[in-house]
Structure formats: structure tokens, C-alpha cells
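Colleague: The structure's right below; bear with me while I get my questions together.
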Amino acid sequence: MPKHVIIIGGGIVGLAVAERASRLGHRVTVLEKESGWAQHQTGRNSGVIHAGPYYRPGSLKAQLCTAGNRSMKAFATDQGIPWQATGKLIVATAEHELPALEELRRRSEANGVPFRVLDADEARSYEPHVASVAALRIESTGIIDYGAVSRRLAEMVAERGGELRTDSEAVSIAGTPDGVVVSTATEEFRGDVLVNCAGLHSDKVARLAGLTPSARIIPFRGEYYELVPEQRDLVRGLIYPVPDPELPFLGVHLTRMMDGSVHAGPNAVTALAREGYRWRDIRPGEALGDLTYPGFLRMASKNVGVGIAEVRRSWSKGLFAKSLARLVPGLGKEDLVPAEAGVRAQAIRRDGSLVDDFLIERAPNQVHVLNAPSPAATASLEIAAHIVGLADLE
């Protein structure tokens, strides 16, 4: 029996859920507080179609990313959205990084991700300017414009008669015996099912709906530079470091984009607003709530050195360039120009642990996506299928 599905959030995950539900014959309403689609995490990331070497085998991230790598490419091809198969190098630049690189090799094998183990000379056959003692070559990684994917998903929903409401922030949510009522400043929407895909505000929306989520979103700003045009030839595809296994961030890396530019970044510094794209973007109420949250305080106390290093790199173009020069020697601060920053919605539990998997919680007639950072864009079509199943919409 067709249902009315109300989706809060017009990023790529919310729009993918809307497309999937409308394709199954359900009535769909998408409420987005901004004036356009994919304005935050979706529209401000590196545009990478991830392959899945990083994620714990058996986790939702591992399962949905690996499947999403295939389904995103197929969707883009079917819909005429350009994408490129670039491949990626994950490089160990020192001997002490080899055990972590071996763990990535093990996870790649367990997750069904095609890979090759390379020595330094073999790595340079892919990226002639890279520095490494060893590397993993992940051939199935690609790049795409996720904003274009989101716009096409919105068009498909509209073609099936779905309601797509921008400038429509949910201000109250009330459960009913058989559904939900969502109100904006000007309208009221009655539905059978609520799906919360609000990203940076997903925990707030969950609390608005009467839930007590098991984690809180803490915003981490990722700052980017671009290589100046005359240095773009130093990077053919994607060059990543071996990441810190204790953190969910992949480290500052180099990414050739769809337009031919090369992005460098991101770092990871605590933002002072959920949409804090610059240091001067401060919302005192949000910052106070996030920075005094017991989970954040416990996490921060365990990572003081890392946090200080990230702040220093944020304020110093020279230190940012030094991180990049570990991957491609010779890069200097004169080779970098500022680019648009993003903010990652990272869920942290009260005990200080960073949620390292997608986190989805349910209530009667409600599904809440409470942790969906990278690789959520890659996996968005698969996340949508998973959510539709949880919401009994199939």
C-alpha cells in the first residue's frame, strides 16, 4: 500500500531515499532548509567515488561502499552524468607506516576491493612525482560531481510527482498513532513515515522528533587548497597518505577533480558552528553545546596533540604544504591557493568514542540517519535501499 514519506534533508542521501521511495510508488515530500539541493556535505566534498579499502569488514560502511562504488557508476552512466575512473594510490612514506598499509591491504581483500601492492618504483609508474616506500593501488576509485547526481535525483522525484520543498526548515515534529506531523514556519505536513537525513543537524532533528539519539553530531571543518594551474601536472589522479587508524579521517590528500583542478586537503578542525566553514563562523549556542558535550571533552582529552597539530596546520599555509610535500616532494606554499571548505558531520558517543560506521536509529514510523559522513555520497543509493527496507516501504 502506498505511503506518504516525509524526508528531512536535501543532500544526496535524502534525495536518494526520495528517488527510491517514489520509484516504489510512494508519495514523497522532501523538506530542505536551504534554497537549493546539496548545499553542505554533498556539495563540498572531494567528489571521490570510494572503493572501500578503509572500512572494518562486515560494517555497513564496508558493505554499502563496495556496492555503492558499482551502483553510483552505473547510475551516472545511465543518466549521462560524467565520471572518471582515476584509480588511487595510498602511499606509505616511511617504514613505520607499513603495518597500517598492511591492515588496509587486509581490509581491501576482506571487502572485495581490487588492489595491487606496489613498491616505490611501481608507485611512480602511476604517479611519477610521488614519494613512497610502498603503496596500495586501488583501481576502482573514481571521481564525479555529487552535486550533479543530487540534482538529477531531485528531477527524477519531481517527474514522479514528488513534492520538493526548499526554504522549508522543520521546526516541530510530532508522532501520531499511525504516522507523523512535520511543521515548518508556514506549513504542516502529515505523513506515514519520517526519514531524517539532515546531516549536520540530524541529531537535532531526532531530538525534535522526541528521540534521545545515542550520539551527538560534532562538526569538523575540512579546509582545502588547490594547486596552482602550472603545478597540476604533478598529480595524475588521487594520492592519499596512510591514515591514522585511530581516527575516521583519511588525512590530507591530493585529488584531481572533474574540471581538471587538483584539490589538496582536507584537514580536520573542530568547527564553531554546525555550518562553520570559516574560523569566523561562530554560533555561540551551537558551539557551547558541542564543546561542552561529555563525549567531545573525552575525545578531545585523548587527542590533544592531534588537535593542536590540526589547528596549527589550519593557520599555517606552510605547514599545510609540508603535509602535501610528504606525498609529492617539492610542493610549497606558493603552489597553493585557498579553496572552498567543507564541514563533516561526525557522530561522537558520550563515552568519547567516534562512531566509525553509519549510524541509523529507528522509532515508530521514523528512521533517523545519525552518522553518514564519507563514504555516504558513494554509498548513497545503497543507503537509500537500506533505509527503504528499514522503513517497510518495499
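Colleague: Exactly one of these conditions fails for PRO213: (1) in contact (Cβ under 8 Å) with a residue 12 or more places away in the chain; (2) within 29 Å of GLU139 (Cα to Cα); (3) not hydrophobic (A, V, I, L, M, F, W, C). Give me its number.
Modeller: All conditions are met except number (2).
Colleague: Among the residues that make up the stretch 368-378, is at least one of them surrounded by fewer than 21 Cβ atoms within 10 Å (Cβ to Cβ) and in a helix (DSSP H, G or I)?
Modeller: No, the conditions are met nowhere in the stretch 368-378.
Colleague: Can you tell me which residue in the stretch 132-151 is farthest from GLU102 (Cα to Cα), limited to those that are of a type outside the set (A, V, I, L, M, F, W, C) and not in a loop (DSSP other than H, G, I, E, B)?
Modeller: Per the stated criteria, the residue is ARG151.
Matching residues to (1) of a type in the set (Val, Ile, Thr); (2) buried (at least 18 other Cβ atoms within 10 Å of the Cβ); (3) not assigned by TED's automatic domain parsing to the domain that holds THR292:
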{"residue": "VAL133", "(1), (2), (3)": "yes, no, yes"}
{"residue": "ARG137", "(1), (2), (3)": "no, yes, yes"}
{"residue": "GLU169", "(1), (2), (3)": "no, no, yes"}
{"residue": "THR176", "(1), (2), (3)": "yes, no, yes"}
{"residue": "VAL205", "(1), (2), (3)": "yes, yes, yes"}
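Colleague: May I pose another question? Can you work out which of the residues in the stretch 242-265 that are farther than 23 Å from SER108 by Cβ and either touching a strand residue (DSSP E or B) at 6+ places or on another chain (Cβ under 8 Å) or touching a residue at least 24 places away in the same chain (Cβ under 8 Å) (or both) is surrounded by the fewest Cβ atoms within 10 Å (Cβ to Cβ)?
Modeller: GLY260
Yes/no matrix, rows are residues, columns are (1) of a type in the set (Val, Ile, Thr); (2) in the same structural domain as ARG165 (by TED's automatic domain parsing); (3) over 30 Å from PRO2 (Cα atoms); (4) assigned to a strand (DSSP E or B):
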position	(1), (2), (3), (4)
GLY43	no, yes, yes, no
PRO57	no, no, yes, no
LYS61	no, no, no, no
ALA67	no, no, no, no
ARG70	no, no, no, no
GLN84	no, no, yes, yes
LEU89	no, no, yes, yes
GLU122	no, no, yes, no
VAL130	yes, no, yes, no
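Colleague: Listed residues ALA341, ALA391, ALA377, ALA372; which is closer than 30 Å to ARG280 by Cβ, touching a residue at least 60 places away in the same chain (Cβ under 8 Å) and in contact with a strand residue (DSSP E or B) (Cβ under 7 Å, 6 or more places away or on another chain)?
Modeller: ALA341
Colleague: Let me ask something else about it. Does the stretch 347-356 include one or more residues that are hydrophobic (A, V, I, L, M, F, W, C), within 22 Å of ILE218 (Cα to Cα) and in contact with a Phe, Trp or Tyr (Cβ under 8 Å, 6 or more places away or on another chain)?
Modeller: Yes; the residues of the stretch 347-356 include at least one that is hydrophobic (A, V, I, L, M, F, W, C), within 22 Å of ILE218 (Cα to Cα) and in contact with a Phe, Trp or Tyr (Cβ under 8 Å, 6 or more places away or on another chain).
Colleague: Looking only at the stretch 266-286, count every residue that is buried (at least 18 other Cβ atoms within 10 Å of the Cβ) and not in a loop (DSSP other than H, G, I, E, B) and tell me the total.
Modeller: Selection size over the stretch 266-286: 3.
Colleague: Just one of ARG298, ARG280, ARG274 is out of contact with any His (no Cβ under 7 Å at 6 or more places or on another chain) and either closer than 16 Å to HIS201 by Cβ or touching a residue at least 12 places away in the same chain (Cβ under 8 Å) (or both); which is it?
Modeller: Working: ARG280 fails: either closer than 16 Å to HIS201 by Cβ or touching a residue at least 12 places away in the same chain (Cβ under 8 Å) (or both); ARG274 fails: out of contact with any His (no Cβ under 7 Å at 6 or more places or on another chain).
Only one candidate passes the filter, namely ARG298.
The values are calculated or read from the model by the stated rules, or taken from the named source; none is laboratory data. Worth saying up front: this structure is predicted, and the values here are computed from it rather than measured. Glycine gets a Cβ as well: all are built from the backbone with ideal geometry, and neighbour counts include every protein chain shown.
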